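Encoded as structure tokens, the structure appears first; notes follow it.
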Amino acid sequence: MTKDDLTISQPIEVPAGRVNRLARLGSMTAGIVGGAALQAIGGMARGSRPDMRSLLITPGNVRRVADELARMRGAAMKIGQLLSMDAGEFLPPELAQILARLRDQANIMPPSQLGQVLEQGWGPGWRRNFKRFDVRPIAAASIGQVHRAWTKDGRDLAIKVQYPGVAKSIDSDVTNVGALLRLSGLLPKGFDIAPYLTEARRQLHEETDYGREGAQLQRFSQWLEGAHSFIIPRFHSDLSTPQILAMSFVDGKPIETLAEADAAIRNRVMTDLIDLTLREVFSFGAMQSDPNFANYLYDAETQRIVLLDFGAARDLDPGVTQAYGGLLRAGFSGDAGGLLDASVALGIVHPRGEERGGDTRLLALMQSIFDALRADHFDFTDQTLLRTLNSEGLALAQGGYHPPSVPMDALYLQRKFGGLFLLGNRLGANLPLRQIVTSHL
């Protein structure tokens, strides 16, 4: 694995204790609020009426919040990633800027802290098992970082090491970060962050269980056994613990480097990935829900796609997948009534009799999306659809429209397909999308 999940910064020790983590958030919050209060007092002395939100949301404070949340890793980064992927179009630009920084950077553990974590997991004599262990990680994310290692019995491995304190601090971290976001004034009026906090807790508890991720690796390997388009790292249970995950190292280039490849290769890769996602939804009933580009590599020698990071794999609610299938069938067949019924079933729009002004506009936007997707070949690089999505999403947000509470599984489906759309755009794909999708319905 050669592609970083995030940009790797200089080694900075991860705050490990719950009290330490709470103190860091409290200190940062007090500093920001205290500074704003002093500016407000100064403004009042000069006879001006202070705008507390503008005093709180300065470029310096935005950087300060983003950098501290990145240092915290764990819950702080996960909430940021969930919000930015699932509700980004409803968030103000200042918060979007913080969340973008969280997606794009991560600090790594210094070697001394890394050694402590490995010793706790493998025991004091762990080095005797390895011919070489690279202390510089090849990838870093919100939960842990990945190192390449060679064992004395000849195995070439990727070792994922969890940041200390992340698992034990999940519940308090989520509560504290949620309080910070509410206090900041960054959340839009009427925006309910509670479902995202609940989901962040659930997802973090799952993703910090590396035994569960190892089981998901084996599960998806069985489902894709014999599939010539994909390769999944092999789980090595003898070197894995709840905080250390040992996998076979699989080499490959970042998937986005295929943007320079022949059109036939780019289109085949995107077809395979869309086909896999539809199999996950409608055949497996489980999905690797994180669409980060870094979770895909490409092995040019074998012409296979390397699938990484199954910590975010999750079973899907059959009711949600059934309704989502109905949405796709109605959309691709041009059935406006069926599209409305499926949208209500999924919670995308309010139930009949409780319609809001934005629901009609949102349904019209969905119909325009399917109009574009029904073409014989869909060009992912066509900016017309993207401009429509951006302008209509902005208009809905500025108009004060708040969609109903959508089931989290529906949001994960939306996030996964949205990620595939972005990758298709990056690769310049041109596909018979209607044919690919409807073959699974």
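The values are calculated or read from the model by the stated rules, or taken from the named source; none is laboratory data. As the structure is a computational prediction, the values presented were derived from the model and not from experiment. Cβ coordinates were reconstructed from backbone atoms using ideal geometry, including for glycine residues, and neighbour counts include every protein chain displayed. Surface areas here come from the heavy atoms of the whole protein model, side chains and all, with no ligands, DNA or RNA. Shrake-Rupley method; radii C 1.70, N 1.55, O 1.52, S 1.80 Å.
Which order do the peptides 116-123, 287-294 come out in when sorted by mean C-beta neighbours inside 10 angstrom, highest first?
287-294, 116-123
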In the stretch 302-316, which residues have a backbone nitrogen under 17 Å from the label point lying 7 Å from S237's Cα in the Cα-to-Cβ direction? none
Among A372, G358, A410, whose Cα sits farthest toward the positive end of the charge dipole of the stretch 309-416 (+1 at Cβ of Lys/Arg, -1 at Cβ of Asp/Glu, about the Cα centre)? G358
Descending principal axes extents, the stretch 321-441, alpha-carbon based, whole Å: 40, 31, 25
Under a point-charge model restricted to the Cβ atoms of Lys and Arg (+1) and Asp and Glu (-1), what is the dipole moment magnitude of the stretch 204-347 relative to its Cα centre, in debye to the nearest 20? 240 debye
For S283, S248, S391, S169, give me the order by solvent-accessible area with a 1.4 Å probe, most accessible first, ignoring ligands, DNA and RNA. S283, S391, S248, S169
Taking 28 Å as the cut-off for C-alpha to C-alpha distance, list the pairs among K253/K416; K131/K416; K168/K253; K160/K253 that go past it. K131/K416; K168/K253
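Given 25 °C and 0.890 mPa s, compute D for the stretch 205-349 with the Stokes-Einstein relation, Rh being the Kirkwood radius over Cα pairs; round to the nearest whole µm²/s.
Translational D for this selection: 144 µm²/s.
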